[in-house]
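Heads up: the structure comes next, in structure tokens.
The values are calculated or read from the model by the stated rules, or taken from the named source; none is laboratory data. All values derive from a computational prediction rather than experimental measurement. Positions of Cβ are generated from backbone atoms using ideal geometry, with glycine treated the same way; all protein chains shown enter the neighbour counts. Accessible surface areas use protein heavy atoms only, side chains included; no ligands, DNA or RNA. Shrake-Rupley method; radii C 1.70, N 1.55, O 1.52, S 1.80 Å.
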Amino acid sequence: FAEFDDAANLLAANPDATTISIDEPVEIPKNQHSRLQEPGREEDDELLGTDDSDKTELLAGQKKSAPFWTFDYYQTFFDVDTYQVLDRIKGSVFPVPGKNFVRLYIRSNPDLYGPFWICATLVFTIAVSGNLSNFFIHLGKPTYHYVPEFRKVSIAATTIYAYAWLVPLALWGFLMWRNSKVMNIVSYSFLEIVCVYGYSLFIYIPTAILWIIPQEVVRWVLMIFSLCLSGSVLVMTFWPAVRDDNRRVALVTVGTIVLLHALLSVGCLAYFFDAPEVEVPAPIIPTQNATVITKS
Amino acid sequence: FPDLTDVSISEDIPVEGEITVPVGSHSPDEEFSTLDEPVRDTIMRDLKAVGKKFVHVMYPKKSSALLRDWDLWGPLVLCVSLALMLQGGSADSKDDGGPQFAEVFVIIWFGAVVITLNSKLLGGTISFFQSLCVLGYCVMPLTVAMLVCRLVLLAGSGTISFIIRLIVVLAMFGWSTLASTAFLADSQPPNRKALVVYPIFLFYFVISWMILTFTPQ
């Protein structure tokens, strides 16, 4: 964000100047490292976020100036530090009511690191946890033979990556189409939507680990809890984008977002985690013995 | 141009010199051509280089020998042997068994490529093949773990054998991750080290999981 300060100052001084951004991938992180030691950085970020969005939009347009077939173009999507990724994850797990995830954390610097690696972790976590939970559920049975179920990894990968990339694509297309009909104040780029969806899936990683517990009630409680958290992040992000639209369209859009999210979690729970067995109630056996005794 | 008409190259000064541009580094290849040496020397030189790298992985000090002269023979041998040893897993139906040869191969190579791309996109200064080389060589402790697991499973597959296998796989997983981090961490910008180390951790965790869950028929 220090780069935005400098460029903003230069632009304010000389609004007609054409600026050329030269990507020097090795030097830029070092510069950021030295400048980011300043205290009070968080307050600056807050102000920049609630400031006029024109400046950030202008600078965002300037950032991606390399042509898309060069390596530097994709490097602009990985321009995040460790603390930024951790902040974004924190923001997705503890949604602040009223604050928009994109405006607060993404701030015209959408990254592909978070969505990609959160999805990868989620794929393996679901596969491993499902395998472990099935192992513990069927452990005592004499006929059970442990299998690694490796095929489920590819199924999990397809599902989660399709959800994390195709649903944002469809949503982005839909929002662009509505934007052409109704003037919305808030609009998101495709990468920002991918970012929100990717980070909102983070809560499912600890949820999947806790789903190993073979109690049906516990699993459903966990699922509803994580659905509420990540669903609220999505709703609070996308409600400002559709609230200026027709009331019904807005409600249907937000409802579809939540519904798809719920479908993903319910589907994962149902497919990867076998249902825990219900215990046979003990009292049946003594009555049978009683009837046998009376008959003889 | 009237003044230039009487400029001429004298006929009796011979023009001579070398057309070839001299290469900057004087590698030993320049003194003698490796084309004439016996095949055994060529093979032994490459084998020695691969062997030296294996030793470097066993005792990871901060040395750049692994990074400078990269080769992919070691990773290929390790990957193929690991994938072969993971064969013969039990399967009631084809869908429930362990990973097939192609799956292990693809996971290791595709995973290494993705991690390398990730570290380069985050601003790392390591080259593509050097990173592949390091990640491939650091699979060696896990290959040793697979070998030990198969031997332990020959003895029996009860709880004790599982505990032994768990300890061995955990130890080798830690060794692999620490070895590759020792080699790769220096080439990253300091405020992004964790972002680069985490995918390496995930990569070796998945391989360790495949090794630990291997059950013979």
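How much of the accessible area of the range A:61-168, probe 1.4 Å, is carbon plus sulfur, in whole percent? Numbers along the way, then the final one.
Working: 3250 of 4480 Å².
C and S fraction of accessible area: 73 percent.
May I ask which of B:K53/B:K193; A:K90/B:K193; B:K52/B:K193; A:K152/B:K53 have a Cα-Cα span longer than 30 Å here?
Numbers: B:K53/B:K193 24 Å; A:K90/B:K193 19 Å; B:K52/B:K193 27 Å; A:K152/B:K53 36 Å.
Cα-Cα > 30 Å for A:K152/B:K53; rest within.
Using the heavy atoms of the protein chains and a 1.4 angstrom probe, tell me the accessible area per residue for the range A:219-281 in square angstrom. Each step should come with its number before you reach the end.
Numbers: 3330 Å² over 63 residues.
Heavy-atom SASA per residue in the range A:219-281 reads 53 Å².
Buried accessible area for the B:A pair, summed, 1.4 Å probe, in Å² rounded to 100? Present the calculation step by step, with values, prior to reporting the outcome.
Working: alone 14010 and 17460 Å², together 28410 Å².
Buried: approximately 3100 Å² between A and B.
List the residues of the range A:97-121 that lose 30 Å² or more of accessible area once all protein chains are present, compared with their chain alone (1.4 Å probe, heavy atoms only, no ligands or nucleic acids).
Buried by the other chains: A:Y113, A:W117, A:T121.
Please quote Rg/Rh for the range B:148-217 to two decimal places, taking the Kirkwood radius as Rh and restricting both calculations to Cα atoms.
Checking Rg against Rh, the ratio lands at 1.13.
Which residues of the range B:115-141 show a drop of at least 50 Å² in accessible area when all protein chains are present, compared with their chain alone (probe radius 1.4 Å, heavy atoms only, ligands and nucleic acids excluded)?
B:L121
Evaluate the distance, in nm, between pseudo-label points positioned 7 Å from the Cα of A:K181 and of B:L147 along their respective Cα→Cβ axes.
Spacing of the two 7 Å Cα→Cβ label points: 6.7 nm.
Starting at the first residue of the range B:153-163, write each ³J(HN,Hα) from the Karplus equation 6.51 cos²θ - 1.76 cosθ + 1.60 with θ = phi - 60°, in whole Hz, x for Gly and Pro.
Going residue by residue, I get 5, 5, 6, x, 10, x, 5, 5, 5, 5, 5 Hz, with x marking Gly and Pro.
What FRET efficiency comes out for B:D186 versus A:N246 if R0 is 51 angstrom and r is the Cβ-Cβ distance? Round to the nearest 0.05. Mind showing how you got there, number by number?
Working: r = 57 Å, r/R0 = 1.11.
Computed FRET efficiency for B:D186 and A:N246 comes out at 0.35.
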